[in-house]
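K.L.:
Sending over a structure as structure tokens; questions will come in a sec.
The values are calculated or read from the model by the stated rules, or taken from the named source; none is laboratory data. Not measured: the values here are computed from a predicted model. Don't worry about glycine lacking a Cβ; one is built from the backbone with ideal geometry, like all the others, and counts go over all protein chains shown. Note: accessible area is taken over every heavy atom of the protein model, side chains too, but ligands, DNA and RNA are not part of it. Shrake-Rupley method; radii C 1.70, N 1.55, O 1.52, S 1.80 Å.
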Amino acid sequence: MNRLIRDIAIFLILFFGMWKALAFLDWRAFLKVKEVNESSETHLGELIRKSIRNTEEVITEPVVTKPVMKLISRLTEKNGLDTVKIQVIVVRSSKINAFALPGGFIVVNSRLLKEVQSEAELAGVLAHEMAHIAKRHVMKKLMKELGLAFLLSAASGNNSATEQLGAIAKTLSSSAYDRELETEADETAVTFLENAGINPQGLAEFLYKLKDEDEASLQALSWFSTHPELEERAKHILSLSSEKSDTLSPILTSEEWEKMRAYKLSY
């Protein structure tokens, strides 16, 4: 009888010990599916890009795309980033917005190009989105809001992939990042801009510009978030800018800037 009680006690100890150990095991890491790997992320981004091209009017004229990519090239070159991996898609849209996709794609709406008043403002927006890409914020956001299974399913190209890709694009274009990610992107953007010889004040000015827009319309944009407030973000960016930002030379020629702005960016 004593032996039976001892065996039962040993069994219970082993059972509950194993159960506790399994409870703390990160099964996704154990099964090597903790996150979408880089190749899958690139593939997912390419699928979303194609989906956008099939559903939106994409502007491909060099007079518009070349100045944007010229700013991207300066930012990547001066910050040790891979220029090839950062590609821009300009979409005709009435919303003042830009957002990053998985795999290094950045979508820029035509109205944003119409509203920015300087190359520093435009470069600030691009640097902010590049920061989201460099810090892998895009996948963190999608993992949190949509889940791993959803992303893997969308990347697999199954029958429901088209609808899933649309949901991913909508999430990225109209859902703000968490406060800590947005702050990190702002701070990283300041570093990117100063390394590239671009005044970070342009990014702050852009945020002040958004602050004056109608709040109801801003709610649908990825750049709008009450965490932190736009004005608070702008002030933080200005506080990080160094004195060397006051004497920086332009990257685009006046002709490149004026021709881009003169292009039919209406919506």
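A quick yes/no check of all residues on (1) closer than 17 Å to Ile89 by Cβ; (2) in contact with a Pro (Cβ under 8 Å, 6 or more places away or on another chain); (3) modelled with pLDDT under 55:
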{"residue": "Leu12", "(1), (2), (3)": "no, no, yes"}
{"residue": "Phe16", "(1), (2), (3)": "no, no, yes"}
{"residue": "Arg28", "(1), (2), (3)": "no, no, yes"}
{"residue": "Val33", "(1), (2), (3)": "no, no, yes"}
{"residue": "Ser40", "(1), (2), (3)": "no, no, no"}
{"residue": "Arg49", "(1), (2), (3)": "yes, no, no"}
{"residue": "Pro62", "(1), (2), (3)": "yes, no, no"}
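K.L.:
Residue check, Ala155 against (1) open to solvent by 30 Å² or more (accessible area, probe 1.4 Å); (2) more than 25 Å from Glu187 (Cα to Cα); (3) of a type in the set (Gly, Ala, Ser), all met but one. Which one?
P.N.:
Ala155 satisfies all of (1) open to solvent by 30 Å² or more (accessible area, probe 1.4 Å); (2) more than 25 Å from Glu187 (Cα to Cα); (3) of a type in the set (Gly, Ala, Ser) except (1).
K.L.:
Taking the stretch 110-133, which residues are within 21 Å of Leu181 (Cβ to Cβ) and open to solvent by less than 20 Å² (accessible area, probe 1.4 Å)?
P.N.:
We begin by selecting, within the stretch 110-133, every residue within 21 Å of Leu181 (Cβ to Cβ); these are 112, 123-133.
Passing the criteria: Leu112, Ala123, Gly124, Val125, Leu126, Ala127, His128, Glu129, Met130, Ala131, His132.
K.L.:
Given Ala154, Ala120, which one is part of a helix (DSSP H, G or I), of a type in the set (Gly, Ala, Ser) and modelled with pLDDT of 80 or more?
P.N.:
The conditions single out Ala120.
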